[in-house]
Structures are given as structure tokens and as C-alpha cells.
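Colleague: First the structure, then my questions, so here it is.
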Amino acid sequence: MIRCETKPRADWEKKVAQYGLIFHHTAGRPYWNESAYYRLSAKQVDDLEASTNELQKMCLAAGQHIIDSHRYADLGIPTEAIPLIEWAWDVEPPAIYGRMDLTYDGVNPPKLLEYNADTPTGLLEAAVVQWYWKEEVSPKSDQFNSIHERLVAKWTDLGKYLGAPPLYFTHIDDPQGEDTITANYLRDTAEDAGVKTAAIKIPDIGWDGSRFVDLDLQPIMSIFKLYPWEWLIHEEFGGHALATYKDVMWIEPIWKMLLSNKGILPILWELYPGHRNLLEAHFDGPHDMKEFVKKPKMSREGANITLVQADGTMHTDGDYGEEGFVYQELKLARIDGHFPVLGSWVIDGESAGIGIRESETPITNNLSAFVPHIFT
């Protein structure tokens, strides 16, 4: 995998905004960085696709193990959520997408860093923005990217199973933030599939005493929420969400709490020790690992991370950690002084493409830039 420097298009800000990426700068620096791109080979793409599909099967097996062995306490899953996790696991309500974060240098096997199976963002730039960049800048090249088409196909399949229309899309109120952009894009893909949709912010969801309603007091029967289950069940209306869970089609389903939790990493290592696509991970400390990362089980955007290397320790602040930590082997790809993390998208349970974010430090956070890719 090669990092190639190139000249950005003169009007790149206007073009990416046209496709919906309105937060193309973060803290005064480009979030969308097209002054570089990564070039992969077809063989490397095949490895990424096969590895992602295998990891998906392994994660589902780990989820089944958690349920069969009742290991919810290892993940800090609240007791009240357990019966519904088990019900949803068996009934299999719709699950649309997820993003596995992988470290990969094109030489060594892709390794799973974590799996955001519930509320991944970075979708629009992976599915749409980098595709149009490729079409303009390198039209003869290919790109590992069938994300948009697979999303539309999944919504098309689900159309007849959804509850009474519309399908609501909800998220926090961040008008120009990544949650709004991701939810709006997913809503567009649903509408492309012929699904009737509506938007509602999290604070605007109402409760009429027996069911959730919109601002017009119409019942909400199907809802996509870009809001993590571990937050939702602790909200004021969290008890209502659990009590009526079987009557409302929630997307993503509540069992995604098992896979999005970083506690899945030590369990995967227990079940598949030494697997080529896994990094060593434990609940109870670093064991014999000399270099490792200590991660909260439910942290986001690089918060509350402790990174231990031979030449020193790095730490980030945040509001996570009460739920406990996991310890994961530190092996990060470094290419030309940058640390790329490949977001490998899983749509309807199958690998669908990648988006790459890179940092100048080993910890990926909300300042890390998105860099497009091609393969030849």
C-alpha cells in the first residue's frame, strides 16, 4: 500500500460540499485531504475483502458465545438490556451496516483494531465523496467501493418488512456535524430504494403514554437511530425504548451492543488465539505485551486511550472508563510518517469497501483526516 502525494483540485471545497460533505475542515485544517491518496493492488483489496468477511463471521460467533456463556458483565451490558439482546439476536431484525477499523500496510495481514457495529460515521466520504474524486482525478483506476449500491439494495429488500411508514431517521442536533451528514446520507439511500422517510431529532421524539410519537403525535413504528444503544437506554425515555422494543423496528438492533463494545476484542482473542487478523487482547491487563493500548470498552474518537510504547506513554482525556478497559497489542501501520486506519465497511453482513483516515500520531481522533484511495 503506497501513499502518493498529489495536487488538490483548485475548487475541492466546493466540490465535496456539493456531495454533502460540508465539514471539510476541522479545527482549521482539512478533514478531507486530497493532497494525498493511497494506492493499493487488486491482491491487497482481495485480502481486505476476505479478511473483513472472515472477521464478520468471527464477530457473530463471538456474539453467540457471549449469549451462550452469559458473559454480559465482561462488556458492562446493563441487566435490563439482556433479554432484548437475546430476543433480537434470535428474531434477527434488520441490521444495515458497520465499520471495522483495521491497521494495514499492504504487506502484513489486516488486523482488527475495533468494530463500530452500531453508529459508524465517515460513511458519506467513503461511499460518495472519494468515488467522485476518483472519477475526476483518476478515472481509469478502480476503487474498493460498492457501499452506495449495497445500501440501496439493502433498503430495497427491507422495504416490505418495515412498519407503517414513514421510516424515521434520528440523531443528535448537530446541523453541520458528522452525525447529521451520515444520517442524511443514509436517509437518501433509503429514499433511492423507494422507502418513505422522515427526519426527527432525538430531543423531538415524544411519548404519549404507550408509544413513541413524532411532533404531530403520529406513532413511530420504524426508526433508524444514529445514537448508540449504550447512551439510549440510559436516557429519560430509555425505559420506554426497552419496554416497547418488540413493537418498534429499531435500526440498528440492540444486539449490536455486543459487537460495538471493545470487550469483543479479548473474547475474539480467546476464541481465535493467534488469528492472522487479530491483535492480542485481554481484560485483565497487558500480560506479556511490551507495547499495548489500554482502551475503555465504550470510548469514542480516541478518548481515554493510554498507549504504551518502548519510548514512552501517550494518554488522551475524555469521559469514558467507568465501564472498564481492555488491553490490546500495539501494532500500527506507519506509511511515510502517517498512521492510516482503514475503515472497512460491512453492509448487510458483507464487505463493501473502505475509507481511510490517517493521523500523524498513533491515536486516531476527530482531527484525523480522510484520505481517498484507488487500486490498480
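Colleague: Among the candidates A42, A27, which residue alone is farther than 23 Å from Y104 by Cα, surrounded by fewer than 12 Cβ atoms within 10 Å (Cβ to Cβ) and in contact (Cβ under 8 Å) with a residue 24 or more places away in the chain? If you could, list the steps in order and put the result at the bottom.
Modeller: Values: A42 fails: farther than 23 Å from Y104 by Cα.
None of the other options fit; the residue is A27.
Colleague: Now a separate question. Out of G353, G343, G312, I need the residue that is over 30 Å from K43 (Cβ atoms) and either modelled with pLDDT of 90 or more or surrounded by fewer than 22 Cβ atoms within 10 Å (Cβ to Cβ) (or both). Which one?
Modeller: Details: G353 fails: over 30 Å from K43 (Cβ atoms); G343 fails: over 30 Å from K43 (Cβ atoms).
Unique residue meeting the criteria: G312.
Colleague: How many residues are in contact with a helix residue (DSSP H, G or I) (Cβ under 6 Å, 6 or more places away or on another chain), of a type outside the set (F, W, Y) and buried (at least 20 other Cβ atoms within 10 Å of the Cβ) if we restrict to segment 150-166?
Modeller: The total comes to 1.
Colleague: Further question on the same structure: May I ask you to list the residues in segment 252-287 that are assigned to a loop (DSSP other than H, G, I, E, B), under 18 Å from N53 (Cα atoms) and in contact with a Phe, Trp or Tyr (Cβ under 9 Å, 6 or more places away or on another chain)?
Modeller: Result: H275, L278, L279.
Colleague: Follow-up. Restricting the search to segment 82-120, which residues are among the β-branched types (V, I, T) and either part of a strand (DSSP E or B) or more than 20 Å from Y38 (Cβ to Cβ) (or both)? I'd like the intermediate steps shown before the answer.
Modeller: Kept after step one, since they are among the β-branched types (V, I, T), are these residues of segment 82-120: 82, 85, 91, 96, 103, 107, 119.
Within segment 82-120, I82, I85, V91, I96, T103, T119 qualify.
Colleague: Do you know which residues across segment 45-55 are in contact (Cβ under 8 Å) with a residue 12 or more places away in the chain and charged (D, E, K, R)?
Modeller: Matches in segment 45-55: D47, E49, E54.
Colleague: Please go through (1) free of Cβ contacts under 8 Å to residues at least 60 places away in the same chain; (2) within 30 Å of A61 (Cα to Cα); (3) polar (S, T, N, Q); (4) in contact with a helix residue (DSSP H, G or I) (Cβ under 8 Å, 6 or more places away or on another chain) for T197 and return the number of the only condition it doesn't satisfy.
Modeller: All conditions are met except number (2).
Colleague: Would you say G63 is of a type in the set (G, A, S), within 30 Å of L158 (Cβ to Cβ) and either touching a helix residue (DSSP H, G or I) at 6+ places or on another chain (Cβ under 6 Å) or outside any helix (DSSP H, G or I) (or both)? First the steps, then the outcome.
Modeller: Details: of a type in the set (G, A, S): yes; within 30 Å of L158 (Cβ to Cβ): yes; either touching a helix residue (DSSP H, G or I) at 6+ places or on another chain (Cβ under 6 Å) or outside any helix (DSSP H, G or I) (or both): yes.
Yes; evaluated as a whole, the condition is true for this residue.
Colleague: Tell me, please, whether a residue that is in contact (Cβ under 8 Å) with a residue 60 or more places away in the chain, of a type in the set (A, V, I, L, M, F, W, C) and within 18 Å of R99 (Cα to Cα) can be found in segment 131-142. Spell out how you get there, then give the answer.
Modeller: Narrowing segment 131-142 to residues in contact (Cβ under 8 Å) with a residue 60 or more places away in the chain: 132-134, 136-138, 141-142.
Within this subset, residues satisfying the condition of being of a type in the set (A, V, I, L, M, F, W, C) are 133, 137.
This time we only want the ones that are within 18 Å of R99 (Cα to Cα), so: none.
The answer is no; no qualifying residue exists.
Colleague: Follow-up question, since we're still on this one. Which one of the conditions (1) in contact with a Phe, Trp or Tyr (Cβ under 7 Å, 6 or more places away or on another chain); (2) outside any loop (DSSP other than H, G, I, E, B); (3) surrounded by fewer than 20 Cβ atoms within 10 Å (Cβ to Cβ); (4) of a type in the set (G, A, S) does A50 fail to meet, given that it meets all the rest?
Modeller: (1)
Conditions tested, residue by residue: (1) within 27 Å of L367 (Cβ to Cβ); (2) without any contact (Cβ under 8 Å) to a residue 40 or more places away in the chain; (3) aliphatic (A, V, I, L, M); (4) touching a Pro at 6+ places or on another chain (Cβ under 9 Å).
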site: H171; (1), (2), (3), (4): yes, no, no, no
site: T180; (1), (2), (3), (4): yes, yes, no, no
site: N184; (1), (2), (3), (4): yes, no, no, no
site: A190; (1), (2), (3), (4): no, yes, yes, no
site: G206; (1), (2), (3), (4): no, yes, no, no
site: S210; (1), (2), (3), (4): no, yes, no, no
site: D216; (1), (2), (3), (4): no, yes, no, no
site: I223; (1), (2), (3), (4): no, no, yes, no
site: W231; (1), (2), (3), (4): yes, yes, no, no
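The values are calculated or read from the model by the stated rules, or taken from the named source; none is laboratory data. Note that the coordinates shown come from a computational prediction; the quantities given were computed from them, not determined experimentally. Cβ coordinates were reconstructed from backbone atoms using ideal geometry, including for glycine residues, and neighbour counts include every protein chain displayed.
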